[in-house]
Amino acid sequence: MDFTDLFNAELIRIDMDWTSKEDFFREICNKLFESGYIEETFEEAIMKREASYPTGLATEKMNISIPHTDVVHVKKPFIFVIKLANSLPFIHMGTTDHEIEVDYVFMLGIKEPSKQVHLLSLIMDKIQDENFIQTIESIKDVNEMENYLKNTFRSDEQ
């Protein structure tokens, strides 16, 4: 599966800072709504899903969150990539109270549920790849990040 169309420089933020996870979700969802990517219901839905099914993930090399919600709240598919200037607390996946400090957020808006599982698996593989981590750590420009992510998530299938 090829996910290159989901990456867009308009939906990449580098070294952004928020005081709370709620402010983070509000601002990102406002941007997505204004740009026509999501329904008005998306913000509430993603906050509820995050409370019930946390998406924080700590690996040996990086901490990331991969928030997503039901396809009915998505108008156009996307991946919003945020490299935080200062980490934000997210609850670790599979727990209800284990908080981790997250440095990256890959917010997913997928229209086809069958693709979501594959994309989540692919992201989890990448965040354990030292070369991938070193590269995204070094990138400071949204266009460079877009190109790198498109090349990285390009399918080898013909």
(request) Tell me which residues, restricted to the range 1-49, are outside any loop (DSSP other than H, G, I, E, B), under 23 Å from residue 154 (Cα atoms) and at pLDDT 95 or above. (result) 9, 10, 11, 12, 13, 14
(request) Examine the range 123-146 for a residue that is at pLDDT below 95, surrounded by 12 or more Cβ atoms within 10 Å (Cβ to Cβ) and within 26 Å of residue 39 (Cα to Cα), and state whether such a residue exists. (result) yes
(request) Would you mention how many residues in the range 89-104 are surrounded by fewer than 22 Cβ atoms within 10 Å (Cβ to Cβ), in a strand (DSSP E or B) and of a type outside the set (Asp, Glu)? (result) 5
(request) Return the only residue of 59, 55 being exposed (fewer than 14 other Cβ atoms within 10 Å of the Cβ) and either in contact with a Leu (Cβ under 9 Å, 6 or more places away or on another chain) or under 26 Å from residue 142 (Cβ atoms) (or both). (result) 59
(message) Can you tell me how many residues within the range 147-158 are touching a residue at least 12 places away in the same chain (Cβ under 8 Å) and surrounded by fewer than 10 Cβ atoms within 10 Å (Cβ to Cβ)?
(response) 1
(request) Kindly provide the set of residues from the range 5-49 that are under 15 Å from the mean Cα position of the chain (by Cα), aromatic (Phe, Trp, Tyr) and within 18 Å of residue 85 (Cβ to Cβ), ordered by number. (result) 24, 25
(message) For a quick check of your reading of the model, give me the residue pairs whose first member lies in the range 105-119 and is part of a loop (DSSP other than H, G, I, E, B) and surrounded by fewer than 21 Cβ atoms within 10 Å (Cβ to Cβ), whose second is at pLDDT 85 or above and hydrophobic (A, V, I, L, M, F, W, C), with beta-carbon atoms closer than 9 Å and at least 6 apart or on different chains.
(response) 111/71; 111/74; 112/71
(message) If I filter the range 18-36 for residues that are touching a residue at least 40 places away in the same chain (Cβ under 8 Å), in contact with a Leu (Cβ under 7 Å, 6 or more places away or on another chain) and closer than 21 Å to residue 140 by Cα, do I get at least one hit?
(response) yes
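The values are calculated or read from the model by the stated rules, or taken from the named source; none is laboratory data. As the structure is a prediction and not an experimental result, all values here were calculated from the model. Positions of Cβ are backbone-derived with ideal geometry, glycine not excepted, and every protein chain shown enters the neighbour counts.
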